Amino acid sequence: MIVNCVAYEKGHRVRDIQTHEIGGYLGMPDCFVWVALHNPDEEEMAAFQTVFDLHELAVEDALNGHQRPKVEEYGEALFMIMHMITIRDDQLETGQVAVFAGPGYVLSVRLHPGRGFAEVRQRCEHEPKLLRHGPAFVLYALMDTIVDRYFPVIEALQAELESIEDEIFVRGSARRSLERLYKLKRQTMKLKHAAMPLGEAAAHLFGGRVPALCRKTREYFRDVYDHLHRLESTVDTIREMTITAIQVNLSMVAIDEGEVHKRLAAWAAIFAVATILAGIWGMNFAHMPELDWRLGYPLALLMMGGACGLLYQRFRRAGWL
C-alpha cells in the first residue's frame with residue numbers, strides 16, 4: 001500500500017504525485033522523489049523495482065521480514081534494513097523498515113504493524129536547508145527516528161529490572177521473579193540484535209570509504225552512531241544486571257530450600273529420640289528393668305517428652321525452628 005508519494009525540489013515539497021509521474025522527476029537537478037510503502041505485495045514492489053531500477057536481491061530482502069539490520073551498496077544506490085521495536089502491554093513488537101536510497105529517489109518499505117513515519121516527513125519538510133541534501137538526509141532522518149524509538153524501550157526495560165529487584169527478596173516470589181527475569185533477558189537480547197548491527201551499518205556511512213550518496217551528510221550518521229553506541233552500552237549493562245539478578249534469585253531459592261531442609265532435619269531428630277525410647281520400651285523381652293513398675297509408663301512418657309522438649313529448645317536457639 002502506498003502511504004505517500006511526494007516530489008521535492010531544492011528541499012521544498014513540490015506536490016503529491018502518482019506512480020506514473022515518478023519518471024518525470026528522476027534525473028532532474030535538485031529534485032528527488034520520496035515514496036513510502038506499508039506491507040506491499042510482490043506486484044507493487046515489482047512496479048517500483050522497474051521505476052527505480054532496484055536490484056532484485058534487495059527487493060527480495062525488503063519483502064522478507066526476517067532480515068538482519070544491514071546496509072548494502074548497489075552502484076550509486078544504498079539499501080538499508082532496520083528493525084523497529086516498540087513496547088506495548090509489556091510486550092515487544094518488532095517490525096522491519098527497508099530503505100532504498102539513490103540519486104533522485106527514496107523508497108521506504110515498512111513491514112508488519114507499527115508506528116508510521118509521518119512525523120519524519122514533517123520534520124524533513126520543516127528543515128528545507130537540510131532536506132536539500134536529498135535522499136541521504138531522508139535516510140538519516142529515518143535512522144535517527146528509529147533509534148530514538150529504542151530509548152523508551154530501554155527505559156521500560158530498566159524500570160522492569162528495578163521492579164524485579166525489589167521483588168527478589170520477598171518470600172515466596174522466587175518463581176515469578178525468575179520468569180520475569182528470563183523474559184527481560186529475551187527482550188534485552190532482541191533489542192541488542194536490532195541495535196548492534198545497525199551501529200555497524202551507521203559506522204559504514206561516516207567512516208572509511210563513505211558511499212558517494214552520504215559524503216555531505218556523514219556527520220549526521222556519526223551522530224546516529226553515537227546514539228547507538230550509548231544504547232548498546234546501556235543494553236549490555238541491563239543484560240549483565242539481569243544475569244546477576246538471576247544468580248541472586250537462584251541463591252535465594254537455595255537459601256529457602258536450606259531453611260526447609262534444616263526444619264525437616266530438626267523435626268526428624270526430635271521424633272527420632274522419641275522413636276528410639278519408644279522402641280526400647282516396646283521390646284517384648286520377659287526380663288526388662290521396671291517392666292512391672294506401676295510408674296514406668298508415665299515415667300517413659302515424661303522422659304520422651306522432656307528429651308523432645310530439650311531438643312526443640314536447642315534447635316530454636318540455633319535458628320533451625
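Taking the Cβ of Ile81 as the center, what net charge do the other residues with Cβ under 9 Å away carry, scoring Lys and Arg +1 and Asp and Glu -1?
Working: positive: Arg68, Lys70; negative: Asp61, Glu72.
Result for the neighbourhood of Ile81: 0.
Distance cut-off 21 Å, Cα to Cα: go down the list Lys10/Lys216; Lys183/Lys262; Lys70/Lys185 and report the pairs above it. Let's see the in-between values first.
Working: Lys10/Lys216 15 Å; Lys183/Lys262 33 Å; Lys70/Lys185 24 Å.
From Lys10/Lys216; Lys183/Lys262; Lys70/Lys185, over 21 Å: Lys183/Lys262; Lys70/Lys185.
GNM, the chain, Cα, under 10 Å: largest mean-square fluctuation among Leu57, Leu139, Leu78?
Most flexible of the set in this elastic network: Leu57.
Leaving out ligands, DNA and RNA but keeping every protein chain, what accessible area does Val224 have, in Å² rounded to the nearest 10, with a 1.4 Å probe?
Ignoring ligands and nucleic acids, Val224 comes out at about 0 Å².
Taking only protein heavy atoms into account and a 1.4 Å probe, give the accessible area per residue of the chain in Å². Display every interim value, and only then the final one.
On the way: 17910 Å² over 321 residues.
Each residue of the chain exposes 56 Å² on average to a 1.4 Å probe.
Which one of Leu54, Ser163, Tyr150 is farthest out on the positive end of the charge dipole of the chain, using unit charges on Cβ (Lys, Arg +1; Asp, Glu -1) and the Cα centre as origin?
Ser163
Would you please give the FRET efficiency between Ala300 and Glu167, computed as 1/(1 + (r/R0)^6) with r the Cβ-Cβ distance and R0 = 56 Å, to the nearest 0.05? Intermediate values should be presented prior to the final figure.
Details: r = 51 Å, r/R0 = 0.91.
Between Ala300 and Glu167 the formula returns 0.65.
What do you get for the angle between helix 218-281 and the principal long axis of the chain? Use alpha-carbon atoms, 0 to 90 degrees, nearest ten.
It works out to around 10 degrees.
In deg cm²/dmol, rounded to 500, what helix-only [θ] at 222 nm does the chain give when every DSSP H run of at least 4 residues adds -39500 (n - 2.57) and the total is split over its residues? Each step should come with its number before you reach the end.
Numbers: 9 runs with 186 residues, N = 321.
Dividing the helical sum by the residues of the chain leaves -20000 deg cm²/dmol.
For the chain, which span is the longest to avoid every loop-located (per DSSP) member of GluC sites (Glu not before Pro) having at most 16 other Cβ atoms inside 10 Å?
77-289
The values are calculated or read from the model by the stated rules, or taken from the named source; none is laboratory data. Keep in mind the model is a prediction, meaning the values are calculated, not measured. All Cβ positions, glycine included, derive from the backbone under ideal geometry; neighbour counts span all protein chains shown. Each accessible area value is taken on the protein alone, full model and side chains, heavy atoms only, with ligands, DNA and RNA left out. Shrake-Rupley method; radii C 1.70, N 1.55, O 1.52, S 1.80 Å.
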